[in-house]
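Scroll down for the structure; my scribbles are underneath it.
The values are calculated or read from the model by the stated rules, or taken from the named source; none is laboratory data. From a predicted model like this one, the values you see are computed outputs, not experimental measurements. No Cβ is skipped: glycine too gets one built from the backbone with ideal geometry, and neighbour counts run over all protein chains shown.
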Amino acid sequence: MCDYLIMSKSVIKLVGGQEFALRTDNETMLDSVVDEVSSYLANLKKTVPQNTTAERIAVMASLNIAENHYIAREKLKAEHDFFCQELDSMCDFLEGLNISRD
């Protein structure tokens, strides 16, 4: 049995000019996500031809967000790999010192 129960909260959020009924455990995080998506949609609407469908704009925004997520994930992976290599080097160095603990 769980020691705690996570309660989802129903909220109404405006995303790209449309209302959505959403559930969240973290409204602050949801507000940030909604702001980011709305920003992408607004910026795209300014740059695409006026006859571009809302669905196409939404797909373009999704692709932009997914690309940014991919770049951030790859950067995090590269940083992780770098730190692992550095730690391995430090361990090799310390093992090479062959210091006795007597």
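Within the group 46, 75, which residue is surrounded by fewer than 10 Cβ atoms within 10 Å (Cβ to Cβ) and of a type in the set (Lys, Arg)?
Of 46, 75, the one residue that is surrounded by fewer than 10 Cβ atoms within 10 Å (Cβ to Cβ) and of a type in the set (Lys, Arg) is 46.
Can you tell me how many residues in the range 25-42 are buried (at least 16 other Cβ atoms within 10 Å of the Cβ) and either farther than 23 Å from residue 54 by Cβ or in contact (Cβ under 8 Å) with a residue 40 or more places away in the chain (or both)?
Residues flagged as buried (at least 16 other Cβ atoms within 10 Å of the Cβ) and either farther than 23 Å from residue 54 by Cβ or in contact (Cβ under 8 Å) with a residue 40 or more places away in the chain (or both) within the range 25-42 amount to 0.
So residue 50 fits all but one of (1) over 29 Å from residue 9 (Cβ atoms); (2) modelled with pLDDT of 95 or more; what number is the exception?
The one condition residue 50 does not meet is (2).
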